[in-house]
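Beneath this line is the structure, given in structure tokens, with notes to follow.
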Amino acid sequence: MEKFADEAIIEVSSGSGGNGCAAFRREKHVPRGGPSGGDGGRGGDVIFTIKRNLRTLAHLRFKHSYKAGNGRDGEGSGRYGQQGTDVTIPLPPGSVIKDFQTGELIHDFSKDAENFVFLEGGNGGWGNIHFKSSTNQAPRKALPGKPGVTVKIKIELQLMADIGLVGFPNAGKSSLLDCFTNARPKIAAYPFTTKIPNLGVLSVGERDIIIADIPGLIEGASGGAGLGFRFLKHISRTAALAFLVDLGEDNYLQAFDILLNELNTYSQDLTGKKRLLIGTKTDLGNSGTDGENSICIKTRLSELKEKYPKEEVMAISVFSGDGIKELSYAFLRLTEEDK
């Protein structure tokens, strides 16, 4: 199976601050040089940064612990300790950070793609040079550095796309993505060929449209059945949805209702998105009704449009190319309306 990872659990630790130093000047002809202990260095931070070339969380699969460097202790002669090294963790766009124990959202990178300082390092302790006073000319007091913080977190990836392709297994989603883009997903004539989400870029004029092919849903997916449950979350970041219905299947008139119900059960926000209903595989069967086992695709398409008069229904054949150009402009219109 492809090395796709959309979840990772890691432990991150900021660095501890260095201890302050209690020291005194000891130089020739300076018998009472006074305090000269420097401060400890500040501990390193834990920083998350977005890398556009990353598409999964696979790089976090085998390393589960990240620790920033500790600050160095202060030294005599007024020398301050060196600051601890920051640890920077790269993430793909669309990542969210949650508390592992409570599931509380800590940071959403879909809204802010800048560097995020998650944990700050501990402050360094003061050296005894800070405690000199008129009444205490030789302080022996120095403070320890503040300890770092360790937190266990869960990182989730939710793909960000303009159009999400939704449909039953083998409805033609991967074939459409392959036709439109350079994604080259795995395609075969059996269900669940797609086991990971695939992204592709469709160029229409001067506009690039990001399309996400989500693994096929089955009835009960919102409750954990099949492969769809794990990837339903990826649909939530899309601007619009394209529902693909295989006109060659016997359930072509029930498919859209089942898909809508699964999405609505998972999140009512999904069914509120702009959408298209697309009948696929119009090259199958005959245009007439001759033959005992022949399929009249035109009739099935008419029945689909009649059942859903309020939906925008289109028909395509990736094999023959029918309707593909019109669909690309429909996708463009959906994304432009979202601006």
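The values are calculated or read from the model by the stated rules, or taken from the named source; none is laboratory data. All figures in this text were calculated on a predicted structure; none of them were measured in a lab. All Cβ positions, even for glycine, are placed from backbone atoms using ideal geometry, and neighbour counts span all protein chains on display.
List of remarks:
- Leu60 crowded, with 17+ Cβ neighbours inside 10 Å and within 14 Å of the chain's Cα centre (by Cα): yes
- Boolean, Ile155 is over 22 Å from Ser328 (Cα atoms) and either among the basic types (Lys, Arg) or modelled with pLDDT under 80 (or both): no
- With respect to the conditions (1) part of a loop (DSSP other than H, G, I, E, B); (2) β-branched (Val, Ile, Thr); (3) surrounded by 21 or more Cβ atoms within 10 Å (Cβ to Cβ), Thr135 falls short on a single one, namely (3).
- Test for Gly43: is it touching a residue at least 24 places away in the same chain (Cβ under 8 Å), farther than 22 Å from Asn115 by Cα and buried (at least 22 other Cβ atoms within 10 Å of the Cβ): no
- Condition check for Leu91: closer than 15 Å to Ile153 by Cβ and modelled with pLDDT under 90: no
- Some residue of region 166-180 being hydroxyl-bearing (Ser, Thr, Tyr), modelled with pLDDT of 80 or more, within 30 Å of Gly37 (Cβ to Cβ) and not in a loop (DSSP other than H, G, I, E, B): no
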